[in-house]
Every structure is written in C-alpha cells, then in structure tokens.
Amino acid sequence: MYDCKFSSYSRLIKKREEGWEYTMEDMMDIVRKYDGQPVTEVHIVGGVLPQYDLQFYAEFFRQIKAHRPDLHVKALTPVEYHYIFKKAKIGYAEGMKIMQEAGLDSIPGGGAEIFHPDIRQQIAADKCTGEQWLAIHEEWHKLGGRSNATMLYGHIEGYEHRIHHLEELRKLQDRTGGFQTFIPLKFRNQDNQMSHLPEVNVVEDLRNYAISRIYLDNFDHLKAYWPMISRNIAQLSLAYGVDDIDGTIDDTTKIYSMAGSEEQSPAMSTRELVQLIRQVGRQPIERDTLYHVVKDYTNEVFDAETTYLGYVALPVLN
Ligand code: V47
C-alpha cells in the first residue's frame, strides 16, 4: 500500500493487520449482502496492493456482472489503474479497454487530490501525477465512458492551486465531455498524518462550491457528498450551486467517519433524504449513476410505517 498523508484509513503493508484486505470472496459477499434490495450502484474503493493486479480486478468485475448484471460498477481510481497497468506493461488505452470489457461502468472521482505538483509532492507523493490522473480519465472518455472528478481542498494548498486544478478539469472536459459531476472534498483532520492542520470553516466550504459551480460551467453537476460534509451543510450547499447530494449510502469503507466527519454511520433513508431536499424548497429527483431520472419524489407521500431502504441518489434538478 502506498503511503497516504491525509487518509485516516490507509495502512502501509507492514501494518496490514490494522487495515482492510479483502479476498475476492469477501468482496463478493459484500455485493451478495444486498441481493433483493433496490441497490443501483456499487462504488469500489481500491488501494495499492501488489497481489491485486489487472487480472484480479477484471475477474472481480466479471463476477459482479455475472451475479447481478444491472448493478452499476463504479470502481477504482487512476491511482490503482496506473499501478496495475504499469505492472501489466500495457498502456492506459489498452488497460481501460480491458476494464470496460470486464464490466467497469464508470470511474469515481477519487485520487485527484490537488493536481499541482508543488502540493501533490507534499501530500500524495506516491500516487500517480496529476497529468497521469487526467490522461487515464481521457482514455476512458474516449471509450465512451463517464467519470467523476474530485478536489481535496482545505489543507496546505492555496487558492492558486485550486484554480489550477479546476482549469485542468475544465480543459479536459472541453475536449471530451466525459465528466458528469465535480465533487469538492473537504479535508477532514482526524487520525491522519496531517492532523496538525486545522479544517476550513463552513463559509469557505460554501464559497468553494459557488466558485466551482461558476468555473466549471461545462460540468452538468456539482455534488456535495453528505457523509463527508454532514447532512446539514449538504442541505445548505443547495443554495450555493450544488444540485446533487448523493444517495442514501452505506459507507462500508468508513473513509469519512474515520477522518472526523460528523456522520459516524453514514446511511439515510430515502424519506430523510427527500425531506432534507424539500425543506429548502428543492425538488427531490432520484437518479441513477449516469443521471437518468429514476423517480420524481416531489409529490411522494411517505407512510410513517414503511422502511425505505436503498442506495438511491436524489439530486435536485433546478
Ligand atoms: O481521493 C481521503 C478523499 C477520496 C480524506 O465519484 C479525504 O461519486 C477528506 O473520491 N478528508 C476518495 N477527504 C473518495 C472519492 C469519492 C467519494 C464519494 C463519491 C465519489 C464519486 C468519489 O477521498 C480520496 C481523497 O481525496 N479523502 N481522506 C480526508 N481525511
């Protein structure tokens, strides 16, 4: 495993017993746990481990698709792809094609952190470079694939580094149009190697959403990931350019609960999510991963006795 300065859940190989190391069977058990439930997407967060190679991930995607063909596989980031393609001695275009044929449906936004080398060197030196991150997304877009983009902000970067990051994303989006949503990720400082840094305040968070919305006018969506920022701030962000607060979620990775988020067991019912959106006068629309409308909840009447489970995503379409 690479060293990660800001992650509260990553562990080096020498401390592997403190981390997560799942076998293919363990991971398939997690997928099977949701059989019969209205789950639309599995978001697979990886990690760089020598035993997880190209064949391993391709086989994993194939097994998920064989088990549940309609489940959208949103998996891994350029950090893992760069590593496994290099080990397999193949280029990005060939590698992404193999992943697509194995069942990969889209790439999540992770691993972007801050592209500018002055900052990336200090917080994510082991990870692929900003150029490599962008190049892998570009190859994926050329294959017709869609992906998301993130930016980890509020640590040692300056505003100029954030703007550089947005500019790089904007330029790639102008070339390919393959990004769906931009997700600013606020640095949380609990139990990681950057815990000495204070977290930025909520005004900064909201300003960052507003600037991102204006700068990335070629992105269709701006997402506030509520398990990271808390459900109340996510609700507020809907007045600052955000149109997507993600879904009901079941954060088995604990990326944010371990990093100090207010949300300790991130899962909301559909009813809670709908209420959150309605309270601020917005329209709750369930979407799938590719932003097709699944259901309009504007006039939905919820029965207090009913338990609403599921991993639906409810963006607000303005
Ligand atoms: O790349 C890790 C971030 C990312 C911390 O595509 C942290 O829909 C804040 O990308 N404080 C992975 N952030 C998660 C990710 C993501 C999440 C939700 C939805 C989507 C999507 C993508 O989490 C990493 C890193 O930037 N992260 N540690 C931390 N302490």
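What follows is calculated from the coordinates using simple rules that are stated; it is not laboratory data. Bear in mind the structure is a predicted one, so any value in this text is a computation, not a measurement. Glycine gets a Cβ as well: all are built from the backbone with ideal geometry, and neighbour counts include every protein chain shown.
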* Asked: Taking the Cα-to-Cβ direction at Y22 and at D70 and moving 7 Å from each Cα, how far apart do the two end points lie in nm?
  -> 2.2
* To do: Divide by every residue of the chain the summed helix terms, -39500 (n - 2.57) for each DSSP H run of at least 4, and state the resulting mean residue ellipticity at 222 nm, rounded to the nearest 500 deg cm²/dmol.
  => -11500 deg cm²/dmol
* Which residues make up the longest stretch of the chain that has no GluC sites (Glu not before Pro) in a DSSP loop with at most 16 other Cβ atoms within 10 Å? -> 22-198
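For A88 and D191 in one chain, what is 0.36 nm times their gap in residues minus the Cα-Cα distance, to one decimal in nm? Mind dumping the intermediate values first?
On the way: separation 103, 0.36 × 103 = 37.08 nm, distance 3.44 nm.
Answer, rounded to one decimal: 33.6 nm.
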* Structure fact -> Karplus ³J(HN,Hα) for region 179-194 (6.51 cos²θ - 1.76 cosθ + 1.60, θ = phi - 60°; Hz, whole; x = Gly/Pro) runs 7, 9, 9, 10, 10, x, 10, 6, 5, 10, 10, 7, 6, 9, 6, 10
* Asked: Which entries in K5/K171; K33/K74; K65/K127; K86/K171; K74/K171; K5/K87 show an alpha-carbon gap greater than 21 Å?
  -> K5/K171; K65/K127; K86/K171; K74/K171; K5/K87
* Structure fact -> Counting sequence-distant residues (5 or more places) and residues on other chains, those with an amide H built under 5 Å from that of D246 are A224, L314
* Structure fact -> Here region 28-37 yields Karplus 3J(HN,Hα) values (6.51, -1.76, 1.60; θ = phi - 60°; whole Hz; Gly and Pro given as x) of 5, 4, 5, 4, 5, 4, 9, 4, x, 9
* Structure fact -> Residue-ordered couplings for region 199-216, obtained by feeding phi - 60° into the Karplus form 6.51 cos²θ - 1.76 cosθ + 1.60 and rounding to whole Hz (Gly and Pro as x), are 8, 6, 8, 5, 5, 4, 4, 5, 4, 5, 4, 4, 5, 4, 4, 6, 5, 9
* Considering amide H positions built from the backbone, and no H for Pro or chain starts, which residues 5 or more places from T181, or on another chain, come under 5 Å of its amide H? -> A149
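Once a ≥ b ≥ c are taken as the square roots of the eigenvalues of the Cα gyration tensor of the chain, is the result rounded (a/c under 1.5), prolate (a/b larger than b/c) or oblate (a/b not larger than b/c)?
On the way: a/c = 1.37, a/b = 1.13, b/c = 1.21.
Rounded, because the longest to shortest axis ratio a/c is under 1.5.
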